[in-house]
Amino acid sequence: MADCPNLEKCPFFKNIKLAPTAEMLKTTYCRSDFESCKRKQLKDKGEPVPENLWPNGKMV
Ligand code: SF4
């Protein structure tokens, strides 16, 4: 499967401090099941995407 079209510029990863966590999320969402990403779902609907919204829908 292709990568998420937002991957290179996704602001979420600017705020993540733990590289292993970021890589895990990229593997799970951005490079495979990106249609399940809550951030992408909001962006695709034209809705604002909170900075602290995780791909799994958690707000941290
Ligand atoms: S976090 Fe979501 S929107 Fe951002 S690149 Fe990954 S799959 Fe795409």
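Observations on the structure shown:
- The set of residues from the stretch 10-20 being more than 9 Å from the ligand (Cβ to nearest atom), part of a helix (DSSP H, G or I) and open to solvent by less than 80 Å² (accessible area, probe 1.4 Å) comprises just one member, 19.
- Residue in the stretch 39-60 that is of a type in the set (Gly, Ala, Ser) and either within 9 Å of the ligand (Cβ to nearest atom) or in contact with a Pro (Cβ under 9 Å, 6 or more places away or on another chain) (or both) present: no
- Condition met for residue 23 (modelled with pLDDT of 95 or more and either more than 9 Å from the ligand (Cβ to nearest atom) or surrounded by 15 or more Cβ atoms within 10 Å (Cβ to Cβ) (or both)): yes
- Within the stretch 34-48, the residues that satisfy the criterion of being in contact (Cβ under 8 Å) with a residue 12 or more places away in the chain, open to solvent by less than 90 Å² (accessible area, probe 1.4 Å) and not hydroxyl-bearing (Ser, Thr, Tyr) are 34, 37, 38, 39, 40.
- For the stretch 33-60, taking the residues that are aliphatic (A, V, I, L, M) and under 20 Å from residue 3 (Cα atoms), the one that is nearest to the chain's Cα centre (by Cα) is identified as 53.
The values are calculated or read from the model by the stated rules, or taken from the named source; none is laboratory data. Source: prediction; values computed, not measured. A quick note on method: Cβ atoms are made from the backbone with ideal geometry, for glycine too, and the neighbour counts reach across all protein chains shown. Areas reflect the complete protein model, heavy atoms only, side chains present, ligands, DNA and RNA absent. Shrake-Rupley method; radii C 1.70, N 1.55, O 1.52, S 1.80 Å.
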